[in-house]
Amino acid sequence: MKEKCLIYLDNNATTRVDGQVLDAMLPFLGENYANPSSIYSFGGVAQKAVAKAREQIRDFINAKSDKEIFFTASGSESANTAIRGVLESNKPKKHIITTKVEHPCVLNLYKTLEKQGYKVDYIGVDSNGDLNLDTLAETVNANTALVSCMWANNETGIIFPIEKISQIIKSKNQDTKLFVDAVQAAGKIPIDVQAANIDLLSISGHKFHAPKGVGALYVKSGTLFSPLIIGGHQERGKRAGTENVPYIVAIGEAARLAKEGLEYEATEVKRLRDKLESTILKTVFNARLNSGFNNRVPNTTNIGFEYIEGELILLHLSDFGICASSGSACTSGSLEPSHVLRAMGVPFTALHGSIRFSLSRFTTEKEVDSVISIMPRVIEKLVKLSPFQNELEELRRLRG
Amino acid sequence: MWDYTKEVMEHYRNPKNVGKIDDAEAIGEAGSLVCGDALKIYLKIKDNMVVDAKFQTFGCGSAVASSSVLTEMIIGKPLDEVKKITNKDIADRLGGLPPEKMHCSVMGHEALENALSKYFKEDVAPHEKDKMVCTCFSVTEKQILNAIKDNNLKTLEEVTNYTKAGGACGNCKADIQAILDKYYGSEISKAKPILTKTQRIIKINDIIENQIATELRKDGGDIDLIDIDDNKVYVELKGCCSKCKNSTMTLKNFVEATLREMLDEKIEVIEVEK
Ligand SMILES: Cc1ncc(COP(=O)(O)O)c(C=O)c1O
Ligand code: FES
């Protein structure tokens, strides 16, 4: 196999650990192994490191106080803690609003909550992927405990207007809490929880060059929430378990670097993404963009290749060392294609052949250029296999 | 990443016999664009022999591999032999497929069957009696029964892996289970009864009422059955039990353990609060 050179364009799935992040965390896997709760000065080193990381996260999302930051073991845990925590402290209210395109870690939790007696409304999106804000405004009522909405979508990169959403909700019901899944926004666009008036917000380290298995949760001070993991006094009693010091140090350092890198994301990463996207759309006759061009994080593009199946494309790209992902049913082991693309009404011809490329600050122009040159060849090879030759000929005539 | 065999990889990388045959004696089709995989197979038949075969497939790696290997298996074979090929033969020739991908071999087999019935001018229009079970993936009762018979399928999950039925909205799951129950009900001895959905609900209620609740009441507690969804049993703990710190222990070690022992290892008990 020709997999010697790897072209990793699946950074929305996970990212490589930044060398500086690794350097920062390693001492805490080695000599600095103390428990931060310990009283002796050896423990103080770990305690200070955790405190510094908390400051770095606070700074990253512009929270008011370090006390608003809680460390967890993943984006999923942050989301579960936020959602269950708010509902548990607000038992009489049984209404929740979310969107149809949330990540499964949120959607599946709502399915469970529905069985436990909660009413959940799912707000839809249009074909550009933009949220239906009018419906949202109509849906908030006096019984709405929580609105939960992602900041950026993992499959399409579409950004929801969180600030506006917050205004809408608060104008309808002051007491309704807003939880934002910012896992795919962190490190790609600026996050300012104060400006956007967010009550709770989750991030996950491995999406911005920290290791997998560490996340953080922001809870605005004054927001009532009950802990999910009950036990020791760590994280001010809101998340028991001895702190994972090396990983907390890592997510802190990664946040610092991500904040520094935001300018680069908005310019260079975006330039490479746009180059990749526009060239493929131009050179591959059956390619279509599965979202609007605007309001997207700078690193993501989701392209549908009509009348070809996505897993087959990924397998062939993999033979060239190219890593991407697909909203096709077959890749995930589920039988249904992406709920996000279906909510947007992407036609069936392109739905099963949708490919997501997601770049990072480590992506090079050379890598993008290789994908640009390989993509048309792979697609031409696979087009020959398709039973929809007449339809493909028609497309070629129209777009070619 | 799927754990594909060398054979599967070779076939999706370099598929054999791709394309169409313009003067084919028979063309078979299976699947659809909407469902995410679709296959056409073209047969050139002379003197009751398949002298040439070609395919076109819209689908994943294992769908292409199944079609490709199928054409290799039938070229040069007399029709009698071709008729006997099952989806299992296709999967075996590929060194096996991941369980979730078995429906790819089933689709290959369906396309072949479709071509042969057309060739022998059999009635291929769906029979009225052949009830549509899964509307999401257009799978009929007959297709499900065939998959059960050919592959010795025992569970709902297996049926979904082999036919896709039940894999989307899930509305048809009860019907599929009923087909399984009916098939095995008529085959398996009475020694190991398989309960219908309703019988199962009654039984669960019985166990909770007569064995679990009576125990809990001794300690001033109580339990209510709220809902049953497949293997998930939702209950509400009341009285002392609900306030008791050990309620999770009660739930898992006693309520769940009792139901599992009496009825089904797979049962999971979940507490709901009103
Ligand atoms: C939008 C979004 N939310 C949440 C998560 C879950 O994060 P984690 O993998 O850290 O649990 C992901 C990761 O796939 C995601 O993309
Ligand atoms: S009807 Fe079978 S999965 Fe929807």
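The values are calculated or read from the model by the stated rules, or taken from the named source; none is laboratory data. These numbers come from a predicted model, not from an experiment. Cβ atoms come from the backbone with ideal geometry, glycine included; neighbour counts cover every protein chain shown. Areas reflect the complete protein model, heavy atoms only, side chains present, ligands, DNA and RNA absent. Shrake-Rupley method; radii C 1.70, N 1.55, O 1.52, S 1.80 Å.
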Exercise for the section: Taking residue B:8 as the residue in question, decide whether it is open to solvent by 50 Å² or more (accessible area, probe 1.4 Å) and touching a helix residue (DSSP H, G or I) at 6+ places or on another chain (Cβ under 8 Å). Expected result: no
Exercise for the section: From (1) open to solvent by 30 Å² or more (accessible area, probe 1.4 Å); (2) at pLDDT 95 or above; (3) more than 12 Å from every other protein chain (Cβ to nearest Cβ), pick out the condition that doesn't hold for residue A:280. Expected result: (1)
Exercise for the section: Mind listing whichever residues of the range A:195-241 are of a type in the set (Asp, Glu) and not in a loop (DSSP other than H, G, I, E, B)? Expected result: A:235
Practice task
Quick one: residue B:247 ticks every box in (1) more than 14 Å from chain A (Cβ to nearest Cβ); (2) surrounded by 15 or more Cβ atoms within 10 Å (Cβ to Cβ) except a single one, so which number is it?
Solution key: (1)
Exercise for the section: State which residue is nearest to ligand 1 (Cβ to nearest atom) when the search covers only the range A:132-155 and only residues that are in a loop (DSSP other than H, G, I, E, B) and more than 23 Å from residue A:75 (Cβ to Cβ). Expected result: A:132
Practice task
Starting from the range A:111-139, take each residue that is within 14 Å of chain B (Cβ to nearest Cβ) and list its partners that are open to solvent by less than 40 Å² (accessible area, probe 1.4 Å), counting only C-beta distances under 6 angstrom and pairs at least six apart or across chains.
Solution key: A:114/A:120; A:116/B:272; A:118/A:96
Completion exercise
If we keep only residues of the range A:183-203 that are within 15 Å of ligand 1 (Cβ to nearest atom) and out of contact with any strand residue (DSSP E or B) (no Cβ under 7 Å at 6 or more places or on another chain), then the residue farthest from residue A:223 (Cα to Cα) is A:187
Completion exercise
Residue hits (the range B:189-204; modelled with pLDDT of 80 or more and open to solvent by 70 Å² or more (accessible area, probe 1.4 Å)) are B:197, B:198, B:199, B:201, B:202, B:203
Practice task
Kindly check whether there is at least one residue in the range A:296-318 that is surrounded by fewer than 19 Cβ atoms within 10 Å (Cβ to Cβ) and either at the interface with chain B (Cβ under 10 Å from one of its Cβ atoms) or aromatic (Phe, Trp, Tyr) (or both).
Solution key: yes
Problem - Residues satisfying the stated conditions in the range B:40-65, i.e. among the polar types (S, T, N, Q) and modelled with pLDDT under 95 - result: B:48, B:62
Fill in the blank from the handout: Looking across the range B:144-161 at residues that are open to solvent by 40 Å² or more (accessible area, probe 1.4 Å) and within 17 Å of residue B:100 (Cα to Cα), the single one that is nearest to ligand 2 (Cβ to nearest atom) is B:157
Exercise for the section: Please work out if residue A:353 is more than 20 Å from residue B:63 (Cα to Cα) and either open to solvent by less than 30 Å² (accessible area, probe 1.4 Å) or within 14 Å of chain B (Cβ to nearest Cβ) (or both). Expected result: no
Problem - strands (runs of 3 or more DSSP E) wholly inside the range A:33-131 that include at least 2 residues being open to solvent by less than 70 Å² (accessible area, probe 1.4 Å), among the aromatic types (Phe, Trp, Tyr) and within 14 Å of ligand 1 (Cβ to nearest atom) - result: none
Fill in the blank from the handout: Per the filter on the range B:162-176, residues open to solvent by 30 Å² or more (accessible area, probe 1.4 Å) and within 12 Å of ligand 2 (Cβ to nearest atom) are B:169, B:171, B:173, B:174, B:175
Exercise for the section: Tell me, please, whether a residue that is more than 10 Å from chain B (Cβ to nearest Cβ) and within 30 Å of residue A:265 (Cβ to Cβ) can be found in the range A:380-395. Expected result: no
Completion exercise
Checking A:69, A:57, A:7, A:61 in turn, the sole residue that is within 27 Å of the chain's Cα centre (by Cα) and outside the structural domain of residue A:103 (by TED's automatic domain parsing) turns out to be A:7
Exercise for the section: Give the residues of the range A:227-261 that are of a type in the set (Gly, Ala, Ser) and buried (at least 16 other Cβ atoms within 10 Å of the Cβ), sorted by residue number. Expected result: A:250, A:252, A:254, A:255, A:258, A:261
Handout entry: Conditions (1) in a loop (DSSP other than H, G, I, E, B); (2) touching a residue at least 40 places away in the same chain (Cβ under 8 Å); number of the one not met by residue A:174
Key = (2)
